[in-house]
Amino acid sequence: MGLFKLLMPKMGEGVIEATIITWLKNENDNIAEDETILEVATDKVDTEIQSPVSGIIKKINYKKDEIVPVGEVLALIETDSDIPEEETLSLSEVEDDPEKTVNENTVETPISENDIASLNIRLTPLVRNIAKKEEISNEELNSIQGTGANGKITKRDILKYIEDKKSGKRLSATSSTVQHIGNYNFSMEGDEIVEMDRMRKLIAAHMVDSKRISPHVTSVVESDLTEVVKWRNKIKNNFFEKHKQKITFTPIFVEAVVKALKDFPLVNSSVDNEKIIIRKNINIGIATALPSGNLIVPVIKNADMYNLEGLTKIINDLVLRARENKLKPDEIQGGTFTITNLGTMGNILGTPIINQPQVAILAIGAIVKKPAVLETPMGDVIAIRNKTYLSMSYDHRVVDGFLGGTFIKRVSDYLENFDINQLF
């Protein structure tokens with residue numbers, strides 16, 4: 001019999017830590033194999049962690065709301081299961097010293113000669129190491145506004161602080177200006193003050209970072225979707241009977257975007273300092289509103305590998321599980337281009353914020369009927385058409401106005417020349 005080390009698992013590309021939302025089990029509770037033991041949250045998604053073994057929870061190393069780096073030992077489970085020796089501790093190791101730390105990385109070491117415990121904040125080992133390497137003083141750390149749970153400083157917080165400090169945007173921590181940041185009181189009698197939830201704080205930080213990082217430019221085209229609307233109305237019932245899936249306009253938009261990205265691969269890129277990374281894979285993010293009012297962006301990996309039927313099925317699945325909070329961390333990572341549908345709220349036009357580290361995002365307005373002038377062999381006529389506005393925000397460091405305008409016009413061309421003879 002040994003003690004299995006339940007580690008914080010890797011939560012997706014670029015994710016190095018997660019916050020514990022809640023423990024579903026307590027110390028000395030029995031746990032079955034594959035039973036959920038706790039829920040954690042990254043800056044992208046909430047997820048459940050199951051126990052790979054059955055047994056008794058002997059020790060829990062982190063509390064609710066604590067931030068835990070990937071690879072840290074979350075708990076010890078006494079088990080009879082057959083598991084690799086490197087994943088266990090002997091009972092004697094813990095019984096000899098019940099308070100023994102099971103992972104050396106969890107030991108809090110000072111970031112300087114001053115005692116870090118004197119700070120009114122909590123730092124993860126990762127943030128602490130960054131602070132030590134960059135010689136960030138305790139006084140400076142106290143001035144950083146943490147966006148993590150209970151005001152904890154995240155990796156993003158400290159990296160932004162360091163970047164601002166080097167660029168001269170941030171004043172010295174001894175400045176009275178910094179000391180008074182966050183102390184302003186904008187409320188008036190009768191106002192209701194609502195604390196941002198964890199996801200709203202993360203969204204806010206992500207949006208502010210995007211506007212700070214990327215010079216945003218927006219181009220707009222009006223697209224005639226009359227034939228697309230007619231085609232969908234004609235086939236939607238048969239499609240549902242055959243595939244048990246509702247076909248929306250979203251997969252049609254995704255298909256058009258994928259074709260345009262193949263024509264203009266520079267739009268499917270990211271910026272790394274002074275280098276442009278042109279992405280090989282086309283991974284389309286679909287901005288999805290949650291019941292809470294917050295937003296999440298599940299990603300269609302290798303979207304160019306699917307036909308319209310395949311796109312419909314994968315989009316429906318991702319959106320449904322997003323709204324039920326059942327997405328896996330990897331399913332919201334690795335996007336190379338994002339689409340957001342403003343039309344679901346009845347909005348006709350918008351200027352979306354780029355989803356970093358991508359360089360462009362497309363917003364789709366409501367499809368509305370309006371009179372339009374058509375050229376015919378018999379002369380110009382006025383007809384009722386189904387039209388929408390496509391607006392795309394793009395990073396002017398990479399995408400100039402010509403490329404951005406040409407790309408969005410190409411998306412519109414693919415939509416207006418949609419193959420109405422497709423059958424399912």
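Values in this text are rule-based calculations from the coordinates and carry no lab data. Everything numeric here is computed off the predicted structure, so don't read it as measured data. Backbone-built Cβ (ideal geometry, glycine too); neighbour counts: all protein chains shown.
The table below lists the values:
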{"quantity": "Percent of alpha-carbon pairs separated by more than 21 Å within segment 242-314", "calculated": "37"}
{"quantity": "Two-site FRET efficiency, Thr218 against Asp80, from Cβ-Cβ distance with R₀ of 51 Å, rounded to 0.05", "calculated": "0.25"}
{"quantity": "For segment 290-388, the Rg and Dmax computed from alpha carbons only, in angstrom", "calculated": "17.6, 57"}
{"quantity": "Gain on full stretching of the segment that runs from Ser167 to Asn26 - 0.36 nm per residue minus C-alpha separation", "calculated": "46.0 nm"}
{"quantity": "Phe402, Phe249, Phe4, Phe240 arranged by Cβ crowding within 10 Å, fewest neighbours leading", "calculated": "Phe402, Phe240, Phe249, Phe4"}
{"quantity": "Whole-Å semi-axes of segment 356-395's equivalent ellipsoid (Cα gyration tensor)", "calculated": "33, 12, 5"}
{"quantity": "Phe240-Asn142 pseudo-label distance in nm [points 7 Å out on the Cα-to-Cβ vector]", "calculated": "6.3"}
{"quantity": "Taking only Cα atoms of segment 217-416, radius of gyration then Dmax in Å", "calculated": "17.2, 57"}
{"quantity": "Cut-off 20 Å (backbone N to label point 7 Å along Cα→Cβ of Leu349), residues of segment 378-396", "calculated": "385-395"}
{"quantity": "Phi-based couplings in Hz for segment 384-392 (Karplus 6.51, -1.76, 1.60; Gly and Pro marked x)", "calculated": "8, 10, 9, 10, 9, 9, 9, 10, 10"}
{"quantity": "Radius 15 Å from Cβ of Lys230, net charge of other residues (Lys, Arg +1; Asp, Glu -1)", "calculated": "+2"}
